[in-house]
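A short write-up of the structure that comes next.
The values are calculated or read from the model by the stated rules, or taken from the named source; none is laboratory data. No experiment lies behind these values; they were computed from the predicted model shown. Ideal geometry is used to build each Cβ from the backbone, glycine not excepted, and the neighbour counts take in all protein chains shown.
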Amino acid sequence: MKYRMSKLAATTALITGLCSPAWAQVEVEWWDFLAGGDGVRMKALISQFNEEHPDIQIEGTTLEWGLPFYTKVRTSVAVGEGPDIMTYHLSRLPLALEEDVLSPISDADMETAGLSKDDFFEASITAASTDDGQLMAVPFDIHAVVVHYNRTALEGTEWLDDDGNLTNINSIEDMTNLLTWAKEQGFSDPLSFQSEGGGGTWRMFYTLFSQQGGEILTDGEVLAGDNMDKAVKSIQTLADWRAAGLIPEQAAYEASVALFSGKKSVLHINGVWEVPTFKDQTEDGSLGFEWFANEVPQMMDMPATWADSHAFAIPNDPEMTQEKRDAVLTVIGWMQEHSLAWAGAGHIPAYKPTVDSEEYAALQPNATYVSLADNAAFDPRSKIAGVASPIYDAVDNLIAPAVHGFLSAEDAAAQMKEQLQGLLD
C-alpha cells in the first residue's frame, strides 16, 4: 500500500490534538543530475508531487552530471550520508553492483509503488536488473539517438515518403548517397553529430556496431572473434564520411547542434533530449525550416540504436526506515504515472501505460520514433562501460582520432581491445 495518512486518521489526530494542523511529514532527500530542459521538467514534477502530497515532501538537489555525480554517490553511500532516492543511468548499473551502492527492489516494493515489471519495456527492465533477474532500479525512460532532419530540404526527393518520414536508407551506401547529394546542394556538413569525441562519437560508433550484431564483450573478452572486424567497419565508415566532407571535423556538442539549426547539415544524429530545442526554435520562428525526427535508419544487418535509461534508484542504506522506504516508493510510482510530462523532454517513457495512451500518440515526433524502444542497444554490461566510463576514454583517445584520420581504423580497434582488456584482467 502506498504511504499515505488517511483522511480519517488525520482528522482524528487533529481533533485529539495528537499532532499539529500540518501533520507529520516524511521528508525524502532526492539527488539528480538533470540540467537544462530535463532539469526544468523534473523540478516541475517534484513541485507538483509536493503540492499533492502534504504527507511526503521531496527535498531535491541537482548535482553535476557524469563522473562527479557518481563519485559523490559512491562516497556518500559508503559513509551513510547518501540521499533517499536518486536518478541513475542504467548503463552504470554494473559498476554500481561492484560498488554495492544500490538497494535491491523487490516485487513487494513494486507493489507498494503500484507497479509491476510488466509495466515496462523489456529492454529497460533487463538493463535495470542483475544477470539473475534481481531488479536494482526502476526505469523512467529510454533515451536514445534519433536522426533529426530538414524536411524542407528533402521535400520531393527519394528520401522522404508521403508522410514526411525518411525512407530508402537501407544501407551505408544509401546514407552516403543522401549525404553526397546534400553536399552538392550546399550543405557544408551534411550529417552533424558531436564528432570531437566523447558521447557523440561513442553513440554513432555503437549504433553502427550494434547494427552488425556486434558485442564489445563476449565471455570477458573484448572484441572477440569477428567483433574486431565489426568495430573496424564501424570506425572506417565514419572515417570515410569524414574524408569525403560528409561529417564535421571535430565538432563540439553545441557546434554540432548549431550546424543543423543553421542549415549547414541536412541530418543531425543526437539524443532525443534535443527534440525540445528544435521544437522551441520552430515555435519562435528561428529555425527557418520544417524539422522532424525518426529512428536512426537500419543501415546494416539489423535495426539497433544506442540507448540508455534514466532510472530511479534507492541507495543501499541499512538504516532506512520502512516508513521512509514506502514514501520513496510512493514517489517512484507517482513519477511513472505522470511520465507524459517527462516525454516532453523528448524521452520515451519506460512505463508502457504512458506510451500506450492517446495523449502520447498525439505527441510528435516522439510517437513516431517510439519504435526504437524495441531496438534499444544498451551499453555493454560491464564496469568498464556506461556514462563516464573507460569506454568513453577509449573513444576520446582512439576512435575519434581514427575518424579524423590520425590513426587507422584497424589500429584504433586493436588498441581499444588491448586497453579495455587490461582493465578487465
| message | Take the conditions farther than 23 Å from residue 238 by Cα and either touching a Gly at 6+ places or on another chain (Cβ under 8 Å) or among the hydrophobic types (A, V, I, L, M, F, W, C) (or both) and apply them to residue 267. Does it pass? | response | no
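Whether any residue in segment 206-215 is modelled with pLDDT under 95, surrounded by fewer than 22 Cβ atoms within 10 Å (Cβ to Cβ) and farther than 27 Å from residue 158 by Cα is what I want to check.
Our first condition is that a residue be modelled with pLDDT under 95; within segment 206-215, this holds for none.
The answer is no, given that none of the residues of segment 206-215 is modelled with pLDDT under 95, surrounded by fewer than 22 Cβ atoms within 10 Å (Cβ to Cβ) and farther than 27 Å from residue 158 by Cα.
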| Hits in segment 196-227 - residues which are hydroxyl-bearing (Ser, Thr, Tyr) and out of contact with any Leu (no Cβ under 8 Å at 6 or more places or on another chain) | 206, 207, 210, 218
| message | at pLDDT 95 or above, assigned by TED's automatic domain parsing to the domain that holds residue 318 and of a type in the set (S, T, N, Q): is that true of residue 16 in this structure? | response | no
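For the structure I just gave you, tell me whether residue 306 is in a strand (DSSP E or B) and either buried (at least 18 other Cβ atoms within 10 Å of the Cβ) or at pLDDT below 95 (or both). First the steps, then the outcome.
Working: in a strand (DSSP E or B): yes; either buried (at least 18 other Cβ atoms within 10 Å of the Cβ) or at pLDDT below 95 (or both): yes.
Spelling it out, residue 306 is indeed in a strand (DSSP E or B) and either buried (at least 18 other Cβ atoms within 10 Å of the Cβ) or at pLDDT below 95 (or both).
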| said: Being in contact with a strand residue (DSSP E or B) (Cβ under 6 Å, 6 or more places away or on another chain) and hydrophobic (A, V, I, L, M, F, W, C) is the filter here; which residues of segment 361-377 pass it? | reply: 370, 372, 373, 376, 377
| message | Given the options 201, 180, name the one that is farther than 24 Å from residue 151 by Cβ and either assigned by TED's automatic domain parsing to the domain that holds residue 402 or crowded, with 17+ Cβ neighbours inside 10 Å (or both). | response | 201
| For segment 384-425, list the helices (runs of 4 or more DSSP H) that sit wholly inside it and hold at least 3 residues that are more than 19 Å from the chain's Cα centre (by Cα) and modelled with pLDDT of 90 or more; which are they? | 400-403, 409-424
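Let's see how each residue does on (1) over 23 Å from the mean Cα position of the chain (by Cα); (2) at pLDDT below 95:
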{"position": "176", "(1), (2)": "yes, no"}
{"position": "219", "(1), (2)": "yes, yes"}
{"position": "234", "(1), (2)": "no, no"}
{"position": "243", "(1), (2)": "yes, no"}
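Please specify each residue of segment 335-374 satisfying the condition of being among the aromatic types (Phe, Trp, Tyr) and under 18 Å from residue 90 (Cβ atoms).
Taking segment 335-374 as the starting set, the residues that turn out to be among the aromatic types (Phe, Trp, Tyr) are 342, 351, 360, 369.
Those that are among the aromatic types (Phe, Trp, Tyr) and under 18 Å from residue 90 (Cβ atoms): 342, 351.
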| task | Would you check which residues across segment 324-363 are more than 21 Å from the chain's Cα centre (by Cα), in a helix (DSSP H, G or I) and over 14 Å from residue 45 (Cα atoms) and list them? | result | 324, 325, 326, 327, 328, 329, 358, 359
| For segment 364-383, what are the residues that are among the hydroxyl-bearing types (Ser, Thr, Tyr) and in a helix (DSSP H, G or I)? | 368, 369, 371
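Take the conditions assigned to a strand (DSSP E or B) and among the charged types (D, E, K, R) and apply them to residue 27. Does it pass? Outline the logic, then answer.
Details: assigned to a strand (DSSP E or B): yes; among the charged types (D, E, K, R): yes.
It is true that residue 27 is assigned to a strand (DSSP E or B) and among the charged types (D, E, K, R).
Considering only segment 279-293, I want to know if a residue exists there that is in contact with a Gly (Cβ under 7 Å, 6 or more places away or on another chain) and at negative phi. Show your work before the answer.
Restricting attention to segment 279-293, the residues satisfying the condition of being in contact with a Gly (Cβ under 7 Å, 6 or more places away or on another chain) are 292.
Still in the list and also at negative phi: 292.
Yes, there is a match, as at least one residue in segment 279-293 is in contact with a Gly (Cβ under 7 Å, 6 or more places away or on another chain) and at negative phi.
Would you check if residue 68 is surrounded by fewer than 20 Cβ atoms within 10 Å (Cβ to Cβ) and either modelled with pLDDT of 95 or more or more than 20 Å from residue 315 (Cβ to Cβ) (or both)?
It is false that residue 68 is surrounded by fewer than 20 Cβ atoms within 10 Å (Cβ to Cβ) and either modelled with pLDDT of 95 or more or more than 20 Å from residue 315 (Cβ to Cβ) (or both).
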| query | Conditions: (1) loosely packed, with under 15 Cβ neighbours inside 10 Å; (2) at pLDDT below 95. Residue 277 meets all but one. Number of the miss? | reply | (1)
| query | Under 7 Å by Cβ, and 6 or more places apart or on different chains, what pairs join a residue from segment 38-50 that is at pLDDT below 95 with one that is in a helix (DSSP H, G or I)? | reply | 38/273; 41/341; 41/342
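Across segment 316-330, which residue is farthest from residue 379 (Cα to Cα) among those that are in contact (Cβ under 8 Å) with a residue 40 or more places away in the chain and surrounded by fewer than 23 Cβ atoms within 10 Å (Cβ to Cβ)?
323
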| Residue check, residue 164 touching a Lys or Arg at 6+ places or on another chain (Cβ under 6 Å) and within 20 Å of residue 292 (Cα to Cα) | yes
| field | Residue, nearest to residue 102 (Cα to Cα), within segment 48-75, restricted to residues that are over 21 Å from the mean Cα position of the chain (by Cα) and of a type in the set (A, V, I, L, M) | value | 58
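Count, please, the residues in segment 46-62 that happen to be in a helix (DSSP H, G or I) and surrounded by fewer than 18 Cβ atoms within 10 Å (Cβ to Cβ). Steps first, please.
So in segment 46-62, the residues in a helix (DSSP H, G or I) come out as 46-52.
Those still in the list that are surrounded by fewer than 18 Cβ atoms within 10 Å (Cβ to Cβ) too: 47-48, 50-52.
Residues in segment 46-62 being in a helix (DSSP H, G or I) and surrounded by fewer than 18 Cβ atoms within 10 Å (Cβ to Cβ): 5 in total.
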